[in-house]
Amino acid sequence: MAGQSRKWMILVATIWIQAFTGTNFDFSEYSSSLKSVLNISQVQLNYLATANDMGKLFGWSSGLALIYLPLPLVMLVAAFMGLFGYGFQWLLINNIITLPYFLVFLLCLLSGCSICWFNTVCFVLCIRNFPVNRPLALSLTVSFNGISAALYTLAANSIDPSSDALYLLLNALVPLLTSIAALVPILRQPPLDSLSPYAASRNSVIFLVLNFLAIFTGLYLLLFGSSTSDEATARLYFGGAIVFLISPLCIPGIIYARDWFHRSIHSSFRVQGSGFILVHVDDLELHKELLTRQNSALSSALSNGDGHSYSLMLGQDQLAMLGEEHPAALVVQRLDFWLYYVAYFCGGTIGLVYSNNLGQIAQSLGLSSSTSTLVTLYSAFSFFGRLLSAGPDYIRNKFYFARTGWLAIALIPTPIAFILLASSDSAVTLNIGTALIGLSSGFIFAAAVAVTSELFGPNSVSVNHNILITNIPIGSLLYGFLAAVVYDANAQPAPGGLMAESLVCMGRHCYFWTFVWWGGMSVLGLTSSVLLFLRTKHAYDHFESHRISAQSTVS
């Protein structure tokens with residue numbers, strides 16, 4: 001029983017780590033100050049934002065470190081990466097030290113790499129301690145990464161709302177302090193023990209409760225996350241946010257007490273297993289049968305086809321089943337992977353680049369004072385999007401739809417948002433567009449691990465997903481460069497100022513064509529996701545029908 005309690009303590013620690021290590025989401029809060037101190041252009045600032053995202057290219061290094069180092073040490077190394085990366089930038093902005101541009105670029109790269117290391121630590125903790133409910137654990141904890149910007153905004157407002165550099169100091173220190181606090185439950189990890197089907201179902205109920213608690217946390221941060229009325233009020237709101245984050249600690253007490261009453265209430269609150277399936281071991285025989293049947297079905301369908309290019313596009317080299325392992329060399333040869341890659345590249349990645357540019361977007365529209373509100377809005381709705389990614393799994397027994405279909409639906413708000421942003425420069429439109437983009441990108445970020453696992457195999461997910469997210473630094477560079485070129489082309493130097501330092505663009509035209517191009521790319525991503533859904537729908541439908549048949553046989 002103590003082992004079960006410690007397991008939930010580790011989940012809470014993982015939530016804390018994720019909540020306070022999404023430090024890349026508050027870049028727009030201090031980017032203008034960084035641009036001014038370094039005396040650089042918008043294009044050069046974009047390269048620094050890209051460096052933050054380029055850390056994902058080195059995500060493999062955290063997996064390599066875990067082979068040779070204990071997990072707590074890997075977590076502390078990640079914390080010290082962030083300490084040095086953000087700490088020296090804070091010294092720079094406060095004019096305590098002077099650094100060349102290239103060294104600042106490397107510091108941004110180091111900071112971005114630390115985030116990937118933290119994510120790897122959290123993934124490993126969830127996988128080790130929740131082997132049966134692994135998808136629910138991953139979905140819940142990854143969601144909290146989306147509220148980091150809102151938490152840091154509240155923390156900064158509670159100390160000094162006028163200081164942009166304060167974000168860098170918090171980015172450097174808070175993840176380190178969080179890691180130290182998380183060491184206690186991590187060092188006391190319980191031994192692995194198998195769970196009965198009843199225990200797995202009971203744990204699903206607990207995850208459902210935690211998801212409801214997460215929703216209340218997100219609503220709280222949405223309402224109060226950007227409060228700047230005064231420091232005392234901000235401190236009160238920040239204290240409330242901390243209470244929400246520590247409230248899951250009551251779970252261990254529930255674990256100890258549940259044997260007293262679970263038999264009487266379980267039937268009322270039972271969730272029919274974890275529908276968030278990444279293909280479990282129990283389904284392997286089913287997959288073998290699916291592979292044989294679907295291969296023959298596909299061959300028959302293709303041989304009897306009418307030869308239209310549309311049919312060939314949907315039928316050529318389709319997935320035979322969910323969960324079939326694909327090594328990296330095979331993944332990059334599949335059309336489904338590249339459709340998925342384009343959907344992510346033209347969907348979630350655009351949302352991330354948009355958030356990096358929020359500071360300059362607000363400034364160009366004369367809304368600099370609203371930057372914190374916009375960052376909090378994006379953060380909160382990104383959080384809700386991440387939570388929504390688990391929603392289809394709780395309703396699958398009543399309404400089932402392929403996960404790739406949900407992914408396509410999640411991409412719809414992005415082009416709508418850019419159409420709105422291009423058509424109007426009002427504050428209301430900016431808020432609505434930011435919320436829609438945050439909701440869409442958050443869903444994609446959280447659902448991506450599950451989609452990768454289902455399409456290309458759970459055992460290969462660490463490698464295949466790292467290949468997938470190479471689109472993030474590439475997109476950050478290309479989309480950000482486009483935005484920076486349009487911005488600089490319309491900017492005018494202030495009279496009597498240095499060219500680079502005072503190159504500021506004001507007005508709707510600063511980002512109009514950027515929104516048009518981003519909107520067009522998001523339509524391409526939506527089209528790609530629809531094609532991916534049509535090509536994989538049969539595999540999801542067959543898997544679900546056989547799952548239902550298997551449940552009926554058991555019952």
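Applying a threshold of 7 Å to beta carbon distances and a minimum spacing of six or more residues, or different chains, the list of pairs starting in region 478-491 at a residue that is more than 12 Å from M506 (Cα to Cα) and surrounded by fewer than 18 Cβ atoms within 10 Å (Cβ to Cβ) and ending at one that is among the charged types (D, E, K, R) and at pLDDT 85 or above is empty. The condition of being farther than 21 Å from A214 by Cβ and modelled with pLDDT of 85 or more holds for L71. On the given criteria, is A427 within 22 Å of S370 (Cα to Cα), surrounded by fewer than 20 Cβ atoms within 10 Å (Cβ to Cβ), out of contact with any Lys or Arg (no Cβ under 7 Å at 6 or more places or on another chain) and small (G, A, S)? For A427, the condition - within 22 Å of S370 (Cα to Cα), surrounded by fewer than 20 Cβ atoms within 10 Å (Cβ to Cβ), out of contact with any Lys or Arg (no Cβ under 7 Å at 6 or more places or on another chain) and small (G, A, S) - is met. Of everything listed in (1) at pLDDT below 85; (2) outside any loop (DSSP other than H, G, I, E, B), the single unmet condition for W406 is (1). Just one of the listed residues (T429, T404) is of a type in the set (S, T, N, Q) and farther than 30 Å from L223 by Cβ, namely T404.
Applying the selection to region 325-354, what residues are crowded, with 19+ Cβ neighbours inside 10 Å and either in contact with an Asp or Glu (Cβ under 9 Å, 6 or more places away or on another chain) or in a loop (DSSP other than H, G, I, E, B) (or both)? Answer for region 325-354, where residues must be crowded, with 19+ Cβ neighbours inside 10 Å and either in contact with an Asp or Glu (Cβ under 9 Å, 6 or more places away or on another chain) or in a loop (DSSP other than H, G, I, E, B) (or both): H326, D336, C346, G347, T349, L352, V353. Of the residues making up region 423-453, those that are in contact with a His (Cβ under 9 Å, 6 or more places away or on another chain) and hydrophobic (A, V, I, L, M, F, W, C) number 2. Considering L358, L411, L367, the condition of being farther than 19 Å from S143 by Cα, surrounded by 24 or more Cβ atoms within 10 Å (Cβ to Cβ) and out of contact with any Phe, Trp or Tyr (no Cβ under 6 Å at 6 or more places or on another chain) is satisfied by L358 alone. Can you find a residue in region 89-98 that is surrounded by fewer than 19 Cβ atoms within 10 Å (Cβ to Cβ), farther than 18 Å from A51 by Cβ and in contact (Cβ under 8 Å) with a residue 24 or more places away in the chain? Among the residues of region 89-98, at least one is surrounded by fewer than 19 Cβ atoms within 10 Å (Cβ to Cβ), farther than 18 Å from A51 by Cβ and in contact (Cβ under 8 Å) with a residue 24 or more places away in the chain, which makes the answer yes.
When A435, A390 are checked against the criterion of being touching a helix residue (DSSP H, G or I) at 6+ places or on another chain (Cβ under 7 Å) and at pLDDT 90 or above, a single residue qualifies: A435. So, in region 452-474, how many residues would count as being of a type in the set (G, A, S) and surrounded by 23 or more Cβ atoms within 10 Å (Cβ to Cβ)? The number of residues fulfilling the criteria is 1.
Please indicate, with yes or no, whether at least one residue in region 362-380 is on the phi > 0 side of the Ramachandran plot and touching a residue at least 12 places away in the same chain (Cβ under 8 Å). Yes, region 362-380 has at least one match.
Return the pair list, or none, for Cβ contacts closer than 6 Å from residues in region 1-21 that are more than 24 Å from S379 (Cα to Cα) to residues that are in a helix (DSSP H, G or I) and modelled with pLDDT of 90 or more, at least 6 apart or on different chains. Sorted first by the residue in region 1-21, then by its partner, the list stays empty. Pairs meeting the criteria (first residue in region 38-56 and within 11 Å of C108 (Cβ to Cβ), second residue of a type in the set (K, R), beta carbons under 7 Å, at least 6 apart or on different chains) are L45/K35. For region 438-459, residues that are modelled with pLDDT of 90 or more and among the polar types (S, T, N, Q) total 2.
The values are calculated or read from the model by the stated rules, or taken from the named source; none is laboratory data. It should be emphasised that the depicted structure is a prediction, and the values quoted were computed from it without experimental measurement. Positions of Cβ are backbone-derived with ideal geometry, glycine not excepted, and every protein chain shown enters the neighbour counts.
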